[in-house]
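Read through the structure below, which is laid out as structure tokens, and then see the notes.
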Amino acid sequence: MSEEHPRLILHNFLSPEECKELEFIHKSCSTVGYRPNVFSTTLSHLIATNSPHLIIPFVSIRERLKEKMEETFGCEYELFIEFTGVISWCRGASIGWHSDDNRPYLKQRDFAAVCYLNSYEKDFKGGIFRFQSGEPSTVSPSAGDVIMYTADDRNIHSVDEVTDGERLTLALWFSRDSSHDEDSKLLSHLSQCAPHGFCLPLPASTNILQGEEDHSMDASEQLMGSLQIAKGRKLLTRKFTNILHALQVVQFYHWKACELKTSNVENDTVEEVKAMSQPQLETINTLKSVFLPDEDLLTTIFGYSCSNEDRKDSTRLDGYIYCDYLLGRI
């Protein structure tokens, strides 16, 4: 590790199972990120959306990263975790040359760790991490790899534009300033949560669409009620409490689909609807236009592309997990 450009790359620091578990959490709970075409899942967001149990898989990973960071940079027992978040960079996302403490409100950041949850060329194209000077100058990672570096101008870096797929990372920043300790803030948020309360974040379109008539508020209110998942004119009979509940279940089965014996799914788990009512169809179309307007982006996020053969196979459980599913309140 160069003193002029202190950085370290670790291969296979995270196991494939850890990467997949964080991916599942992110895809079921993420919200709009801090840059165009970027989505994020922070620990405070998990608390705010009534999913604090999903913080558990992060705990041991954060501690291992902090210990390795302190060992690598010779600052044992000095660091506090300032921020933890899973970040996905979809097609078109990029960021230019910068250091991670390049704003007055970021000066508390001393170190950064970027953990890759999927692999360059296999899961995404573009999105290469580049250092402005020093070695290595570029990073083309595999799932489980970690980059650690100082957050100051000794490690100015950029991320190339993602041209295909979804680049998924777990990002952490570390500080020597205890007033920026993320854990104390998380504990405070947890103590303030109502035991049975629920908060549904509004979709990104509420904040970023301008100059158009926007019905996303109405759609959001509908999604706060119970839901069923529909594909074509068939309904999954199970009702879900709300949209986050449905997405978590869908993403879980997506994640575990290869391990499921889908041929054993009983036919009575599906209720066939020969003719939906016109109000039901209008509701589904409205929700689709608000939440699923870009089929290519949806394929990227959910990771499935539907073949005609798959569409015809209505007895398979994962037939309800493909990218063209519709969410409708019945």
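The figures follow:
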read-out: For the stretch 1-42, diffusion coefficient by Stokes-Einstein and Kirkwood Rh (Cα), 37 °C, 0.692 mPa s, µm²/s; value: 255
read-out: Charge context of residue 65, other residues only, Cβ under 12 angstrom, K/R +1, D/E -1; value: -1
read-out: When the stretch 1-72 is reduced to its Cα atoms, the Kirkwood hydrodynamic radius in Å; value: 14.3
read-out: Between the stretch 160-176 and the stretch 1-52, the Cα center-to-center distance that results, in Å; value: 7
read-out: Ellipsoid equivalent to the stretch 51-168 - semi-axes via the Cα gyration tensor, in Å; value: 23, 19, 14
read-out: Residue 73 - accessible surface, heavy atoms, 1.4 Å probe, Å² rounded to 10; value: 40
read-out: Extension gain (nm, one decimal) between residue 188 and residue 107, 0.36 nm per residue minus Cα-Cα; value: 26.8 nm
read-out: Neighbour net charge for residue 105 - beta-carbon separation under 13 angstrom, K R +1, D E -1; value: -1
read-out: With every protein chain in place, the stretch 74-132: carbon and sulfur % of accessible area (1.4 Å); value: 47
read-out: Only Lys, Arg (+1) and Asp, Glu (-1) charged, at Cβ; the stretch 1-59 dipole about Cα centre in debye; value: 260
read-out: Cα gyration tensor category, rounded, prolate or oblate, for the stretch 37-97 with a/c compared to 1.5; value: oblate
read-out: Largest-first ordering by accessible area, 1.4 Å probe, given options 97, 89; value: 97, 89
read-out: Approximate spin-label separation residue 15-residue 70, in nm, with each point projected 7 Å along Cα-to-Cβ; value: 2.4
read-out: Test item: Cα-centred dipole of the stretch 22-108, Lys/Arg +1 and Asp/Glu -1 on Cβ, debye; value: 500
read-out: Cut-off 16 Å, label 7 Å out along Cα→Cβ of residue 137, residues of the stretch 97-117 by amide N; value: 97
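The values are calculated or read from the model by the stated rules, or taken from the named source; none is laboratory data. Please read all numbers here as calculations on a predicted model, not as lab measurements. Reconstructed Cβ throughout: ideal geometry from the backbone, glycine too, with neighbour counts over all protein chains shown. Calculation scope for accessible area: heavy atoms of the full protein, side chains included, ligands and nucleic acids excluded. Shrake-Rupley method; radii C 1.70, N 1.55, O 1.52, S 1.80 Å.
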